[in-house]
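Shown next, in structure tokens, is the structure this report addresses.
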Amino acid sequence: DPVRVANTFDLVATGDVIDGTPGSSATTMRFNVGAGNDIGSLVNFLDVATNVLTVNNAGAAGADNVFLANAGALQLNTLRAVNAVALRAGNAISDCGANGIVAITVGLNALCGNNIGCLANPLNLNATSLNITCALGTGNGAGNVFVTEANALTLGTIRTCGSIKIAAAGDLDVATLV
């Protein structure tokens, strides 16, 4: 059965965290898994229902890969992964802190028409590549996209029906803007 928590859900694991049933819910979720382990998988995202999400390993690299799906809006605190972070949200994806996402590859899927980041508080990244698409896989894509990258960034597919503002401290390579 899913785990239901009214406030904060803290998960500390020394192995992979996989999805076997419908998602767990809490106002705030924190996943702390050691390096070499995954949260969810590319073919089976871990379903959660939360407002604020943290994936961290006490400041270390954390999980190898993070694959999470959230039914509503998703506010990110800190997400650290060695390789990839892939997030699906049924509404907007926002950044509630200065830490954002640290990973090599970042894939963000917001329900069509919903923003990723905002003008006053862009989503902070420290990544090598970024892809943004619509959560349903079709349609016009995310609403407005506001991202700040700490270094150079390669943009893969960026699908949006609104404005795009991506600032990188290094080079910005563009593949496909739709």
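What follows is calculated from the coordinates using simple rules that are stated; it is not laboratory data. Just so it is clear, the structure is predicted and the values come from calculations on it, not from any experiment. All Cβ positions, even for glycine, are placed from backbone atoms using ideal geometry, and neighbour counts span all protein chains on display.
Applying 1/(1 + (r/R0)^6) with R0 = 22 Å to the Cβ-Cβ distance of T157 and L42 gives a FRET efficiency near 0.85. The string of couplings for the stretch 48-53 from the Karplus curve (6.51, -1.76, 1.60, θ = phi - 60°) is 9, 10, 8, 9, 10, 10 Hz, one whole number per residue in order, with x for Gly and Pro.
For the stretch 103-110, backbone phi angles converted through the Karplus equation (6.51, -1.76, 1.60; θ = phi - 60°) give residue-by-residue couplings of 6, 6, 10, 10, x, 10, 10, 9 Hz, Gly and Pro being listed as x. With the highest mean first, a sort of the peptides 161-173, 39-51, 100-112 on other beta-carbon atoms found within 10 angstrom per residue produces 100-112, 39-51, 161-173.
Around the amide H of K165, modelled in the peptide plane, lie the amide H atoms of V145, F146, V147, all under 5 Å away and 5 or more residues distant in sequence or on another chain. Once the Cα-Cα distance is subtracted from the 0.36 nm per residue extended length, the L119 to C96 segment shows a gain of 7.0 nm.
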